Amino acid sequence: MAMTSPHDTAGQNVQASEHSHHSRGCETRLERGGLPALHLSGAGHGAPVSLFIHGFGDGGYIWNEVAPSIAGHRRWIAPDLRGHGHSGWGVAGDYRVATYVDDLQDVMAQVGATRWILIGHSMGAEIALALASRSARTVAAVVLADFSPAANTAIVARVRDNFREAVGRRFASKEVFRQHIEATLPLAAPTSIANIVEHALLAAPGGGFMLMCDPGIAQGIGNLDPAAADARSARLWSELRALPMPVLIARGIGSAVLGEAVAVQMAREALAHGTLTTLPVAGHAVMADNPAAFVGAVRRFLQGLGLIDDAVS
């Protein structure tokens, strides 16, 4: 969640057009009739296909540093979720997790692969969890990066408030935005910060820059009512217990979102085939804070399952 992280200690008419981009592989826009178009980036060939799902307020660009190295020569895809990045905005502000899952099922149907690896961060991990539950027969493995099923309305409120402050702000220059990101993500690697600065903004009318996302996405990140939060937590734990495929829990050692006790409970008690890795020098934004450690952990997990090649692209 690049700009919004808490501080750390399908029967549509689908058409695609492509163009190349040096840092994001092949970029594709998936047109879906009356539904929001989805922007995808990716590269590689062959299955299983790795689907990288970003968190709230980010875009597919957040995976730029890690996706090619994780997937190797195999195909990988990193979409901008609706309302984020270059994708279309939600109809009537519909940014529910279930709607994101519907969107990604359209992507999977368009690609047509029969084996998938789902890799999600934060809200993207919640989406990956729901998507794996719906598509268990085609999902070979799941990586949940710093995602907690536990109810925590304080974290949700902080994320929402941070996002609303950032999305309503006009940044005078990319350097000003860089300083904002450095303050928001104090553990992020310099290369990760440069990547965010390059891809997260669009030119604002009248000068300056603004975040490339719909301000309305804040409506979809969770209900602050304690009873609703508890019900959501119970549903997430139930979904975790039902997953039949291997799942890697990747946690930042300094995460303010996923505590050690909850992570251990997820890997050892809830999941049938769970593995936990705790990444050093990382908070909630694990793939941005310590890209090399994240790549190494995910590749070891997937190689152990025989799902990726030894070679790195």
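Charges at C-beta only: +1 for Lys and Arg, -1 for Asp and Glu. How large is the resulting dipole of the stretch 254-313 about its Cα centre, in Debye rounded to 20? Dipole magnitude for the stretch 254-313 comes out near 40 debye.
Applying the Kirkwood pairwise sum to the alpha-carbon positions of the stretch 205-289 produces a hydrodynamic radius of 15.4 angstrom. Restricting the calculation to Cα atoms, the stretch 69-187 shows an Rg/Rh of 1.00 when the hydrodynamic-style radius is the Kirkwood one. Taking the DSSP beta bridges with both ends in the chain, the antiparallel portion is around 50 percent.
Among 72-85, 27-40, 48-61, what's the highest-first ranking by average C-beta atoms within 10 angstrom per residue? Let's see the in-between values first.
Details: 72-85: 24.2, 27-40: 18.5, 48-61: 27.0.
Going from most to least packed, we get 48-61, 72-85, 27-40.
Under unit Cβ charges (Lys, Arg +1; Asp, Glu -1), what dipole magnitude, rounded to 20 debye, does the chain have relative to its Cα centre? Present the calculation step by step, with values, prior to reporting the outcome.
Values: 24 positive and 27 negative charges, 67 e Å.
The calculation lands at about 320 debye.
Over the stretch 157-213, what lengths in whole Å, largest first, do the semi-axes of the equivalent ellipsoid take, defined as the square roots of 5 times the eigenvalues of the alpha-carbon gyration tensor?
Values: eigenvalues 61, 48, 16 Å².
Semi-axes, largest first: 17, 16, 9 Å.
Backbone phi angles across the stretch 114-122, fed through the Karplus curve with coefficients 6.51, -1.76 and 1.60 (θ = phi - 60°), yield HN-Hα couplings of 9, 9, 9, 10, 9, 10, x, 10, 6 Hz in residue order; Gly and Pro are listed as x. Averaged over its residues, the chain has an accessible area of 39 Å² per residue, based on protein heavy atoms and a 1.4 Å probe. Relative to one another, the C-alpha centroids of the stretch 254-313 and the stretch 98-129 are positioned 19 Å apart. For the set C213, C26, the ranking by accessible area, highest first and with no ligand, DNA or RNA atoms included, is C26, C213 under a 1.4 Å probe.
Using a 1.4 Å probe on the protein chains only, how many percent of the accessible area of the stretch 152-294 belongs to carbon and sulfur? It is 55 percent, rounded to a whole number. Normalised Debye scattering of the chain at q = 0.08, 0.15 Å⁻¹ gives log10 I(q)/I(0) of -0.31, -1.24, counting only Cα atoms as equal scatterers and leaving out solvent.
The values are calculated or read from the model by the stated rules, or taken from the named source; none is laboratory data. This structure is a prediction, so every number in the text was calculated from the model and none was measured. Note that each Cβ is placed from the backbone with ideal geometry, even for glycine, and that neighbours are counted across all protein chains shown. Note: areas computed on protein heavy atoms with side chains; ligands, DNA, RNA excluded. Shrake-Rupley method; radii C 1.70, N 1.55, O 1.52, S 1.80 Å.
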